[in-house]
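Right, one structure below, let's go through it.
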Amino acid sequence: MRHSTPLTVLIINDLGVVNGVTRYIRDLTRYLIKTNNHVCLLEGFVGSDEHSKQKGIRRYIYSIHLNGIEDFWKITLSTWEKLRHIPLDTVDIIHCHHTASAFGVLLSGKAKKIPMIFHFHGALYREVESSVFPIPNYSFLRKQAESIKYRCIIGVLKRLQALCIKHSAVVIVPSLYAKQLAINSFHADPHKIEFIPNNVDTVLFKPLRNRTKNNISLSLRSHNSLLVVSRLDYRKGISNVIKAMETLLRVYPQTTLNIVFPQYQLHTPEYGKYDHQIKSMALSGSVRLVANTRNSDLVRFYNAAHCCIMPSITLENNPLVVLESLACGTPVLGTPIGGIPEILTQIDTCLLFDDTSPGAISRGIINYLRKSPGQIRSIKQKCRLLVQHKYAWENNIDKVLSLYAQITD
């Protein structure tokens, strides 16, 4: 059910980087405008990419440099300050995607009166846990002091996220894994939870007609071309898939791996770490790091790959990369983390690795490459069909609009 009159939705994204959540929000705003609704967008500055020029949006930019969890209170207070300059009298719904900014909404007396949707992308306290532990090689007393400090921080963040969930009109979860996490860890009311998976623009992400020509233009001529699309973050398991290449190359010497990462991470310490790993393992001829910012180039990389690898070791919900690759007809092999199994097992259980280790990754890829052309062709056909049926924006925008209508009527 769509609202009889256009709605004005304030979407808040306090991240200052282009990641899966940011790309999801850009697609959401585009489809909201397509359906004659109005969008206000409060976001961190992410540079001048192809989506930042999107028309029909009233855009407000945080005036501070955002650095995620480290700037939690700065983001909260900045959100509260920005809300004073946004015409909230015209806003029907506030759609928050992160805890710091959602808590800023709760602090604003005027904004608090507007129905808020909290989009639960994951547990903030788990992000902190995975970022700070194990504690570096400090003395025993220093380790104990640091441990107590971070556990206090984790406890506070967990309570604040629970508070945002409690005071929201609706909690959107993109996976069944996230739903159970919200209920078990944050005591979310099951009746307030709406399961709406992440979606893909299947008009943009689609199989290309001439894959051979596309591969040559990208200098990808290997039959067994593997792809990882990810931020350069140890939680994404990139190091493990690089290690797995050692075993893979013994069995399939012509195998290549392209790791496509956001342009803003070029020349960062993270880039240097993986570049050094590749060179120290003498894999420069088979593994390369590729900086990218455009969705159109991502489509070409997905189409060029024999399969896409999702080697995450923690904190995955309903990864957009998985859905984009499948929409292009390229199978994804992934670790059994978070919401990844929910997607891949709908196609074939062979697409799931046994665990997150380099050995499990190499075994899973080798087993997949050994399949007959007919078996692989069947898997590829299921990939595109699954996304068209369950994860296409064209089919699922009505779920979001119905939810908006439900909480504003």
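The values are calculated or read from the model by the stated rules, or taken from the named source; none is laboratory data. In this text the structure is predicted, and so the values were computed from the model without any measurement. So basically every Cβ, Gly included, is an ideal-geometry build from the backbone, and we count neighbours across all protein chains shown.
Tell me, yes or no, whether segment 331-344 has at least one residue that is in contact with a Lys or Arg (Cβ under 8 Å, 6 or more places away or on another chain), buried (at least 16 other Cβ atoms within 10 Å of the Cβ) and in contact (Cβ under 8 Å) with a residue 24 or more places away in the chain.
Within segment 331-344 (the criterion being in contact with a Lys or Arg (Cβ under 8 Å, 6 or more places away or on another chain), buried (at least 16 other Cβ atoms within 10 Å of the Cβ) and in contact (Cβ under 8 Å) with a residue 24 or more places away in the chain), the answer is yes, since at least one residue qualifies.
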Subject >> Condition broken by LYS55, with the remaining ones in (1) under 19 Å from the mean Cα position of the chain (by Cα); (2) of a type outside the set (S, T, N, Q); (3) modelled with pLDDT under 90; (4) within 19 Å of PRO6 (Cβ to Cβ) satisfied >> reply: (1)
**OP:** Return yes when SER378 is more than 23 Å from ILE238 (Cα to Cα) and either surrounded by 18 or more Cβ atoms within 10 Å (Cβ to Cβ) or modelled with pLDDT of 95 or more (or both) and no when it is not.
**Re:** yes
Original post:
Considering only helices (runs of 4 or more DSSP H) fully contained in segment 243-362, which possess at least 3 residues that are more than 23 Å from GLN180 (Cβ to Cβ), within 19 Å of the chain's Cα centre (by Cα) and at pLDDT below 95?
Top reply: 295-304
Subject >> Condition met for SER239 (free of Cβ contacts under 8 Å to residues at least 40 places away in the same chain, in the same structural domain as GLN381 (by TED's automatic domain parsing), assigned to a helix (DSSP H, G or I) and not acidic (Asp, Glu)) >> reply: yes
Original post:
Any idea which of (1) over 28 Å from ARG235 (Cα atoms); (2) at pLDDT 95 or above is the one GLY109 doesn't satisfy?
Top reply: (2)
**OP:** Please work out which one of (1) in contact with a His (Cβ under 9 Å, 6 or more places away or on another chain); (2) under 27 Å from ARG159 (Cβ atoms); (3) modelled with pLDDT under 90; (4) not in a helix (DSSP H, G or I) is the condition ASP71 fails and give its number.
**Re:** (4)
Original post:
When you go through (1) within 28 Å of GLN180 (Cα to Cα); (2) modelled with pLDDT of 95 or more one by one for ASP92, which number turns out not to apply?
Top reply: (1)
Subject >> Close pairs (6 angstrom Cβ cut-off, 6 or more residues apart or separate chains): closer than 16 Å to VAL173 by Cβ in segment 382-409, assigned to a helix (DSSP H, G or I) anywhere >> reply: TYR391/LEU323
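Could you list all residues from segment 363-395 that are outside any helix (DSSP H, G or I) and more than 30 Å from TYR24 (Cα to Cα)?
ARG370, LYS371, SER372
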Subject >> Subset of segment 1-40 [surrounded by fewer than 19 Cβ atoms within 10 Å (Cβ to Cβ), modelled with pLDDT of 85 or more and in contact with a Ser or Thr (Cβ under 6 Å, 6 or more places away or on another chain)] >> reply: THR8, HIS38
